[in-house]
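Bear in mind these aren't lab numbers, they're just calculated from the coordinates by the rules spelled out. What you see is a predicted model; the values in this text were computed from it and never measured. Cβ placement follows ideal geometry from the backbone for every residue including glycine, while neighbour counts extend to all protein chains displayed.
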Amino acid sequence: MAAKKNLSMEEILASCRSLDGGGAAEPSATPVTPSSGESTTSSSDATPSTTAAAPGKKASEMGVAEMLAAARAEKSKPAAAPKATSKAASPAVSKSSSKAAAPAAKAIPKDTSSILAAARKDVKPGPMSKAEAAVKAKGETPTRGKPKIVVPPPPEKPAYAMAHQAEEPSAGDRRSFMSTAVGTFVGSFLAVGFTSLGLTHLLWLLGFARFMFPNIRIEPPSEFRVGFPADFAPGQVETKFKAQFGVWIVRTEYEGQAQIFALKSVCTHLGCTPNWLEGEQKFKCPCHGSGFYKDGINFEGPAPRPLERYGISQASDGQLVVDKSKKFNEEKGQWADSTSFVPV
Ligand code: FES
């Protein structure tokens with residue numbers, strides 16, 4: 001009888017295939033002996049009629065069910081087989097072998113749960129950034145996430161700012177401020193009132209001064225010299241004194257007597273100033289067309305009476321002197337007065 005030997009899955013499967021191909025009665029050269037640790041109980045999906053392989057039973061004497069049971073027992077056994085047999089073994093066997101090697105790999109956390117656990121411990125597994133490396137170089141533990149921003153405390157206020165801040169107006173200060181404001185308001189009204197009153201008085205004084213110095217029309221003297229009688233030709237009407245003195249000096253005959261007299265250059269209608277028309281030998285009023293002869297008698301237009309004469313006399317030096325303070329009206333018979341003409 002051959003010695004007992006722990007078979008691998010590959011060997012067990014090879015035995016099974018040989019048994020299936022050779023029939024149940026074909027004996028196997030290798031006896032099948034379950035290990036001491038093997039459990040002979042079948043799995044839940046095993047056939048109910050399947051029984052565990054008897055210890056010390058040869059493989060040739062075992063049925064297929066027993067061989068499968070032995071194989072499942074081998075599968076459930078902790079992996080002690082070398083890694084070289086894993087390739088030939090079934091996937092189930094390789095899976096069991098990987099599970100057996102798991103405790104060794106647990107030293108380095110590689111799965112998601114372990115990484116998350118490490119993250120919750122505030123330790124970053126994996127590559128570090130330059131900032132984290134710098135922190136680690138200082139002997140500190142680099143933390144995950146954004147670095148905490150350390151805000152420095154604000155600088156203290158300077159002395160001048162503290163002084164302004166300390167100046168809180170008290171109730172007395174507020175009352176004094178209000179009284180000052182009211183006083184300023186009332187004072188401004190009084191100032192405006194007194195200023196207006198002063199200006200009014202000033203205007204009154206200026207008006208009074210203007211009243212004391214009214215407009216004065218400086219008229220020419222009422223008597224003035226017009227020259228010698230020889231300076232006037234017979235039949236001449238001298239108009240050069242019209243603009244300044246308002247008189248014409250006329251040398252002509254009146255009622256058969258040669259005379260020199262002074263006619264007032266004012267129309268007897270409404271006071272306009274007639275013009276001497278040398279060509280027509282008449283005085284013509286431009287306002288309403290009154291006409292006067294050379295001696296001053298009215299003959300056309302609305303003028304109701306002849307022109308007036310001023311007083312005229314001959315001074316000691318022989319010059320003719322016109323006196324405007326004396327007036328002579330023809331309709332009153334005053335032209336016969338010797339002071340109303342100078343005979344020549
Ligand atoms: Fe001389 Fe009327 S004012 S005609």
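Among 306-314, 270-278, 177-185, 206-214, how do they line up from the highest to the lowest mean number of other beta-carbon atoms within 10 Å? Show your work: numbers first, answer last.
Values: 306-314: 20.8, 270-278: 14.6, 177-185: 10.3, 206-214: 8.4.
My ranking of the peptides, most packed first, is 306-314, 270-278, 177-185, 206-214.
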In square nanometres, what is the average projected area of the Cα convex hull of region 150-261? 22.8 nm²
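List, in the order given, every pair from Lys284/Lys332; Lys242/Lys327; Lys242/Lys332; Lys240/Lys327 whose Cα-Cα distance in the structure shown is over 18 Å. Could the numbers behind the result be given before it?
Details: Lys284/Lys332 23 Å; Lys242/Lys327 16 Å; Lys242/Lys332 25 Å; Lys240/Lys327 20 Å.
Beyond 18 Å between Cα atoms: Lys284/Lys332; Lys242/Lys332; Lys240/Lys327.
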How high is the relative contact order of region 190-283, given as a whole-number percent (alpha carbon pairs under 8 Å, six or more residues apart)? 13 percent
In whole angstrom, the spacing between the Cα centers of region 298-332 and region 178-210 equals 62 Å
Projected-area average for region 262-344 over all orientations - Cα convex hull basis, square nanometres: 5.9 nm²
Using only alpha carbon pairs under 8 Å that are at least six residues apart, calculate the relative contact order of region 214-267 and give it in whole percent. 25 percent
